[in-house]
Amino acid sequence: MRNKPKLKKGNFWFILIPLLASLVVFVIGNRLIKLHTSCANSLTCKTDLTLKIDNNAIGIFEGHKVIPPKIYLAHDNIKPSILGANAPSGKKHIYINLATQTLYAYQGNKQIMKTVISSGKWGRTPVGNFNIWTKVRSTRMAGGSGDDAYDLPNVPHVMYFYNDFGVHGAYWHNNFGHEMSHGCINMRLIDAEDLYSWAEAPKANQKGTLVSICDEFTAPNLCIQKGPIN
Amino acid sequence: MNTIQYSLNLKTIILSVMGIVTSLSLVIGMKYYQSQARVVLATPIILDNPTPTKILELETSLSQISSDGTKKLIMKTTSNEGGVNKYALSVSDGSGANEQIVFEKTLDIKKNITIPFNTWSPDNKYFFIQEHEGEKNIVLAFKASGEPFNTEEKYLNVTDLFEKYDNKNNLNEATGWASQNLIIFNTTTQDNIKGPSYWFEVPSKAIIPLSIQF
């Protein structure tokens with residue numbers, strides 16, 4: 001019986017192979033296993049996060065055509081910002097109560113807005129504490145498939161707080177107080193306009209306005225988050 | 001030598017399996033680890049003679065503005081000693097100008113009419129109100145212009161139309177508009193359990209069952 005050749009000293013390969021196998025499994029597993037969807041709008045998640053205005057486009061939502069509002073940036077400068085105008089200076093904070101579908105805006109210890117919204121029904125709105133990372137006056141949001149497909153140009157007054165999840169106006173439905181979105185926070189157009197003019201995007205070394213998505217919320221500042229993503 | 005070879009090969013396999021299991025555990029643990037319920041408390045806020053400021057809040061049922069702020073639905077209730085209330089619905093611009101009465105009705109005081117928050121269709125062409133009679137809600141849809149839907153119908157009685165469509169479930173409430181001409185309404189079963197949700201299409205009067213509940 002022939003003896004098999006001796007192995008190299010240090011058994012280099014017998015240590016490296018298990019390490020490589022572990023590394024491969026770790027990398028692949030990290031990519032494949034995804035608990036939380038990082039996109040609200042599957043088709044425009046990464047491509048349409050900047051200003052987009054198309055006053056000739058027709059939208060689609062739940063199989064129905066929708067006429068988006070016309071947006072003229074020059075008109076925005078005429079309207080004064082009144083939200084919080086009489087409030088003392090203070091840290092701005094937006095709370096969203098998913099249980100009651102209500103949004104609260106505070107400046108310091110003053111509640112300056114309370115209104116109903118629509119959070120995610122076909123995609124869960126992420127729970128956690130975020131900062132507005134950019135504001136966009138208008139953009140296009142598209143996603144879904146089949147009967148759920150939607151393509152909505154001229155979505156107004158968008159305040160992104162986590163990837164492409166944002167607080168914005170919604171012109172295609174009027175069912176606020178009930179879940180209706182794919183993860184974003186939908187608001188009445190007038191409410192979104194007011195909030196947009198008040199909320200702050202990041203500037204210099206300052207983060208944007210804090211947005212707390214709460215499973216439950218009790219004014220003025222008790223925000224309960226079960227399983228936040230951050 | 002064969003024993004040593006077998007031992008080395010076995011070690012390799014064991015190490016590999018251990019490494020794979022460890023990696024998988026790390027990945028799964030990272031992904032599936034759930035923080036405990038977190039209660040976020042900022043610095044306690046003590047209100048000291050708060051100065052009234054402009055606060056945007058939910059409007060009452062006496063008037064309701066459209067989503068874009070360009071239209072307003074106003075309900076004026078007139079009560080008298082006869083045990084009846086007279087309701088007058090009018091539509092105006094968002095500023096209150098150009099008010100036009102579109103509907104009037106007198107009801108026994110045991111009944112009342114409310115204007116929901118989501119009364120306006122997204123395109124401001126329609127609105128709906130709810131007439132409450134005990135536990136029964138009667139949903140009435142109107143054209144914002146006040147024009148009748150046809151020679152016989154000044155408004156569409158969604159509840160009546162649904163009762164003809166489905167005599168097993170009861171229309172519980174209309175919540176709002178799914179699109180420019182689809183009213184969402186919920187139902188309850190005869191056992192008073194939450195039933196299916198539907199769309200009511202204006203002005204075709206089509207009733208469309210939904211696979212999800214609102």
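The values are calculated or read from the model by the stated rules, or taken from the named source; none is laboratory data. Fair warning: this is a prediction, and the values are worked out from it, not measured in the lab. As a convention, Cβ positions derive from the backbone with ideal geometry for all residues, glycine included, and neighbour counts pool all protein chains shown. The accessibility values were calculated without ligands, DNA or RNA, using every heavy atom of the protein model including side chains. Shrake-Rupley method; radii C 1.70, N 1.55, O 1.52, S 1.80 Å.
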Yes/no for A:Leu19 being loosely packed, with under 14 Cβ neighbours inside 10 Å, modelled with pLDDT under 90 and under 21 Å from the mean Cα position of the chain (by Cα): no
Give A:Gly227, A:Gly177 a once-over and let me know the one that is open to solvent by 20 Å² or more (accessible area, probe 1.4 Å), farther than 13 Å from A:His93 by Cβ and modelled with pLDDT of 95 or more. A:Gly177
Specify the residue that is farthest from A:Gly144 (Cα to Cα); the eligible residues are those in the stretch A:105-115 that are at the interface with chain B (Cβ under 7 Å from one of its Cβ atoms) and open to solvent by less than 20 Å² (accessible area, probe 1.4 Å). A:Ile112
Considering residues that are modelled with pLDDT of 95 or more and either part of a loop (DSSP other than H, G, I, E, B) or among the small types (Gly, Ala, Ser) (or both), the number found within the stretch B:60-82 is 5
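Here is a yes/no grid of residues against (1) in contact with a Gly (Cβ under 8 Å, 6 or more places away or on another chain); (2) without any contact (Cβ under 8 Å) to a residue 24 or more places away in the chain; (3) open to solvent by 10 Å² or more (accessible area, probe 1.4 Å):
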residue: B:Glu147; (1), (2), (3): no, yes, yes
residue: B:Tyr155; (1), (2), (3): no, no, yes
residue: B:Lys168; (1), (2), (3): no, yes, yes
residue: B:Asn172; (1), (2), (3): yes, no, yes
residue: B:Gln180; (1), (2), (3): no, no, yes
So, in the stretch A:154-170, exactly how many residues are assigned to a strand (DSSP E or B) and under 16 Å from A:Ala201 (Cα atoms)? 11
Would you point out which residue out of A:Ile190, A:Ile213 is without any contact (Cβ under 8 Å) to a residue 40 or more places away in the chain, within 12 Å of chain B (Cβ to nearest Cβ) and closer than 30 Å to B:Ser197 by Cα? A:Ile190
Residues (polar (S, T, N, Q) and within 10 Å of the chain's Cα centre (by Cα)) located in the stretch A:132-167: A:Asn163
For the stretch A:135-147, give me each residue that is of a type in the set (Ser, Thr, Tyr) and either touching a Leu at 6+ places or on another chain (Cβ under 7 Å) or surrounded by 21 or more Cβ atoms within 10 Å (Cβ to Cβ) (or both). A:Ser138, A:Thr139
